[in-house]
């Protein structure tokens, strides 16, 4: 919001994720400090909070994180095109496309200094489905706050058996 007040337009941070080694401890800590309510997913890999006055957010189980620090998510109209721009500007794409539990898809990239950011392309609500590009402001408003991204743990390939 500060950027907009300074006349510098750009996407707003709509979601942020942190890591947690102990969800119960994390939940107690933030409940005491800010009276945040948390909700853990069924698989035990993610715990979300509702940032009523700001972005949504949550915690990823520490062994599943994809960044050493928090990941801020920004909305984009065309995920593929924006990730191409990231590469053209000197960044590195870490995850090109992953389904997003709140609708749409996400991608992750590292900037030239190694900071990891997420991009979220919302599901095209105005068109009634599909994760197409665009959606406009009406679709973004209708989509409301995003649900936390679905955490997908990379699958290690099995070594080939020697004959």
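The values are calculated or read from the model by the stated rules, or taken from the named source; none is laboratory data. Owing to the predicted nature of the structure, the values given are computational and were not obtained by experimental measurement. A quick note on method: Cβ atoms are made from the backbone with ideal geometry, for glycine too, and the neighbour counts reach across all protein chains shown.
The table below gives the values:
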read-out: Only listed residue being within 24 Å of residue 42 (Cα to Cα) and modelled with pLDDT under 50, chosen from 140, 123, 153; value: 153
read-out: When residues of segment 11-38 are limited to those that are in a loop (DSSP other than H, G, I, E, B) and in contact (Cβ under 8 Å) with a residue 60 or more places away in the chain, the one surrounded by the most Cβ atoms within 10 Å (Cβ to Cβ); value: 11
read-out: Residues located in segment 95-113, provided they are over 16 Å from residue 66 (Cα atoms) and surrounded by 22 or more Cβ atoms within 10 Å (Cβ to Cβ); value: 104
read-out: In segment 44-59, residue nearest to residue 94 (Cα to Cα) [restricted to those that are in contact with a strand residue (DSSP E or B) (Cβ under 9 Å, 6 or more places away or on another chain) and assigned to a loop (DSSP other than H, G, I, E, B)]; value: 45
